[in-house]
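Visitor: Encoded as C-alpha cells, here's the structure I'll be asking about.
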Amino acid sequence: MRVFATGIHQESNSFSPLKSMASDFYMCRGQEFRETAGIRILIDAGCEVIESVWARAVPGGTLRFDEFMKMVDDMLEPLYKDTKGFDGVFLPMHGALDVEHIGSGEAFIVARIREIVGPDVPISAPLDMHANITYSLVNLCNIIYGYRTAPHTDMFDTHARAAKMLVKAMQEGAIPKTQIIRIPIMMPGENMMTSTGIGKDVISFLPKIEQEENIWCASYFVGMAWVDCYNNGAAVVVSGVSNMDKGMGKAQELAKFVWDNRDKFEYQGIAMEPLDTVNFAKEHESDGPVIISDSADNVTAGAAGDNALMLNLFLKNGIENALFAAIIDPVSVKKVLEHKEGDAINITIGGCFDNDSEKSVLENAVIKKINLSLLAEMPKSCVLSYNGIDILLFDKRKPVFDTETLKAHGLSFEDYNILVVKQGYLSPELLEASKHAVMALTTGNCNQKIERLNYKKLIRPIYPLDGCDIVLKKWRVKNFNENYI
C-alpha cells in the first residue's frame with residue numbers, strides 16, 4: 001500500500017491587517033514528519049509512505065496567493081513526479097486556511113490532488129475543530145475527522161485515528177464518502193469548550209452517530225468565526241460507506257440539539273469588559289495569580305498581537321506586579337537591542353501592525369532582559385520594566401502558552417500576581433495555574449462580539465448576526481430534516 005502524505009496547518013484571520021507568507025511556516029520534512037503520529041500508524045501498518053512536507057504556522061492573516069502557490073508546488077512535487085501511483089492519501093490540515101483570491105487553501109490542495117490520483121484513491125484528512133468545512137472538502141475527501149477537544153489536546157490522536165481509517169479503507173478496498181449537515185450558527189471558538197457544559201454534551205454525542213451502521217467517523221466543527229468566507233459556521237460531518245441514512249439521522253439530531261441550545265454555549269470562566277477586568281484584577285491580585293486574556297488581540301487566532309490597550313489601562317489604574325506576555329513589536333525590540341540590560345529608555349510600544357491598535361508611551365523604562373535566541377522558531381525578545389509592570393516584547397508573533405516559554409525568556413511566573421496574555425481561552429497549563437482566569441472582551445481582529453465585524457462574503461442569514469426567525473425562514477431548519485442544512 002503506497003500512501004502520499006503532505007499537509008498544511010494554519011488558522012487564518014481575514015480581519016487581521018497582516019498577510020501570511022511562506023516564511024511564516026515551519027516546514028516539517030523527512031524523518032521529523034515520519035515520526036508524527038499519523039505517519040507512524042501508516043508505517044506500522046506496512047504502508048510505503050511517500051511523505052512530502054507538512055507546513056505549519058502560528059495562526060495569522062490571509063495567506064498571500066503567490067506564496068501559497070509556491071508552497072503547493074513544493075508540497076505536491078513528489079506527486080507530480082510519481083510514476084507508480086498511490087493507494088491512499090493522508091492530509092493532516094487545519095481547515096480554516098484563507099488564501100487570497102482562492103478562499104479555502106485546503107479545498108484547493110485536495111482538488112489538485114484529486115485531479116492527479118483520480119476518484120478511486122481514498123483521501124483522509126484530519127482537521128481542526130475550528131475548520132470551516134467547504135462542500136469541496138466534503139465531496140473530495142473520503143474521510144474527514146476533527147479534533148474533539150478545545151483547548152486542543154488531541155491533535156495527534158486525531159491524526160492517528162484518521163490514519164487508521166485510511167489503512168482500513170485501503171485494506172478493504174473501500175471508498176468511503178463524506179456528508180455534511182450545516183447549522184446556521186456562528187460563534188467564537190471560546191464558546192465551544194469541550195470539558196464542561198454544552199460543548200461537552202455535543203462531543204459526547206458523536207460516538208452515538210458512529211455506532212450506527214456503515215458510519216466510520218463523525219465530527220463536529222464549530223468553524224473559525226474570524227474568517228470572512230462563504231462556508232463559515234457550524235457543521236456536523238460524517239464519513240462512512242454504503243447506506244448512511246441511520247447515521248445521518250443521528251447527525252441531524254445533533255444539529256438540532258446545537259440549534260436548540262444555541263444560547264447555552266458559554267465562555268470558559270469569567271468574561272468582562274476591559275475596564276471591569278482591570279478592576280477585578282486589582283481586587284483579586286492578592287488571592288493568587290490572576291491570568292487575563294486579551295481576547296480580541298489573540299495571537300492564537302491570528303490577531304496582530306500589537307495592541308497596548310490593556311497595558312494602558314493597567315498603567316492608568318496604577319496596577320503593579322503584573323507581567324504582559326507578550327506584545328508583538330519588532331520595531332521596539334530592534335530599538336532595545338541597540339542598548340544593554342539595565343539601561344533606561346524612552347520608547348513607544350504597540351500599534352506597529354494594526355492601525356486600530358493602541359500604542360503605549362514609556363519614559364525611562366528599564367531594560368530588564370534581552371534574549372537573542374538562535375532558534376528560528378523563537379523570537380528575539382526583551383523585557384521592559386515600567387511603573388511596577390514588566391512587559392515582554394517579541395519581534396515576531398508567538399503565543400505564550402506555558403511557564404516554560406516564560407523561563408526561556410528569563411521570566412518566572414511565580415514572580416507576579418497578574419499575567420496578561422494574548423489568547424482567547426487559556427491553554428490548559430495556564431488555566432490550571434491560575435487562581436482567577438478572566439477573558440477581557442477587548443476590540444480587535446478577534447472580537448468576541450462577532451456581530452460587530454464587517455462580513456462581506458458570508459452566506460446570510462446566520463445566527464447571531466441575524467434574528468432566529470429570519471434564519472429559520474431562510475434555512476428551513478425547523479425540523480432539521482434536510483441534508484443541505
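Visitor: Quickly rank 336-344, 391-399 as a protection proxy: mean count of other C-beta atoms within 10 Å, highest first. Could the numbers behind the result be given before it?
Guide: Working: 336-344: 13.3, 391-399: 23.2.
Ranking the peptides 336-344, 391-399 by packing returns 391-399, 336-344.
Visitor: Let me check I've understood the local charge: for Asn355, count other residues with C-beta under 14 angstrom from its C-beta, Lys and Arg +1, Asp and Glu -1. What total comes out?
Guide: Within the 14 Å Cβ shell, the charges total -4.
Visitor: Let me ask another. Could you work out how much longer the chain between Tyr80 and His152 gets when fully extended? Use 0.36 nm per residue separation minus the Cα distance between them, nm to one decimal.
Guide: Once the chain is fully extended between Tyr80 and His152, it gains 22.6 nm.
Visitor: Accessible area per residue, 1.4 Å probe, Å², for the chain: what's the number?
Guide: Per residue, the chain has 40 Å² of solvent-accessible surface.
Visitor: Under a plain spin-label model, where a point goes 7 Å from the Cα along Cα-to-Cβ, how far apart in nm are Ala174 and Arg460?
Guide: The two pseudo-label positions are separated by 4.3 nm.
Visitor: Quick check: at a probe of 1.4 Å, how many percent of the accessible area of the range 381-457 sits on carbon and sulfur atoms?
Guide: The C+S portion of the solvent-accessible surface of the range 381-457 is 45 percent.
Visitor: Still on this structure, please answer the following. Go through 319-325, 458-464 and give me the packing order, highest mean Cβ count within 10 Å leading.
Guide: Peptide ranking by packing, descending: 319-325, 458-464.
Visitor: Which entries of Lys250/Lys473; Lys422/Lys457; Lys334/Lys422; Lys168/Lys246; Lys19/Lys84 have Cα-Cα distances beyond 29 Å here?
Guide: Values: Lys250/Lys473 23 Å; Lys422/Lys457 27 Å; Lys334/Lys422 21 Å; Lys168/Lys246 21 Å; Lys19/Lys84 38 Å.
Pairs exceeding the cut-off: Lys19/Lys84.
Visitor: Want the number for Lys208 to Lys19: 0.36 nm per residue separation, take away the alpha-carbon distance, what's left?
Guide: Using 0.36 nm per residue and subtracting the Cα-Cα distance, I get 63.9 nm.
Visitor: Another question, then. According to a simple spin-label model (label point 7 Å from Cα along Cα-to-Cβ), what is the distance in nm between Arg34 and Glu451?
Guide: Label-label distance for Glu451 and Arg34, simple model: 5.5 nm.
Visitor: Right, something else. Quick one: if you stick a label point 7 Å off each Cα along the C-beta vector at Glu404 and Glu253, how many nm between them?
Guide: So the label points at Glu404 and Glu253 sit 4.2 nm apart.
Visitor: Follow-up question, since we're still on this one. Determine, from the Cβ-Cβ distance of Ala111 and Lys334 and an R0 of 51 Å, the FRET efficiency 1/(1 + (r/R0)^6), rounded to the nearest 0.05. Intermediate values should be presented prior to the final figure.
Guide: Numbers: r = 42 Å, r/R0 = 0.82.
Here the calculated transfer efficiency is 0.75.
Visitor: Heavy atoms only, probe 1.4 Å: what % of the accessible area of the range 31-125 goes to carbon and sulfur, would you let me know?
Guide: So the carbon and sulfur contribution to the accessible surface is 49 percent.
Visitor: In nm, what is the difference between 0.36 nm times the number of residues separating Asn346 and Arg64 and their Cα-Cα distance?
Guide: Computed gain between Asn346 and Arg64 is 97.9 nm.
Visitor: Only one of the listed values, [x] 27, 62, 11, 0; [y] 22, 52, 25, 1; [z] 24, 53, 22, 1, was derived from the coordinates as P(r) over Cα pairs in 20 Å bins from 0, in percent; which label is it?
Guide: Read-out from the structure maps to [z].
Visitor: Separate question: Tally up the carbon and sulfur contribution to the accessible surface of the range 145-304 as a whole percent, 1.4 Å probe, everything protein left in place.
Guide: Here it works out to 46 percent.
Visitor: What number comes out for the charge environment of Phe205, summing +1 per Lys or Arg and -1 per Asp or Glu over other residues with Cβ under 14 Å away?
Guide: Result for the local shell: 0.
The values are calculated or read from the model by the stated rules, or taken from the named source; none is laboratory data. For clarity, every value in this text was computed on a predicted model and none was experimentally measured. Ideal geometry is used to build each Cβ from the backbone, glycine not excepted, and the neighbour counts take in all protein chains shown. SASA here: full protein model, heavy atoms, side chains in, ligands and nucleic acids out. Shrake-Rupley method; radii C 1.70, N 1.55, O 1.52, S 1.80 Å.
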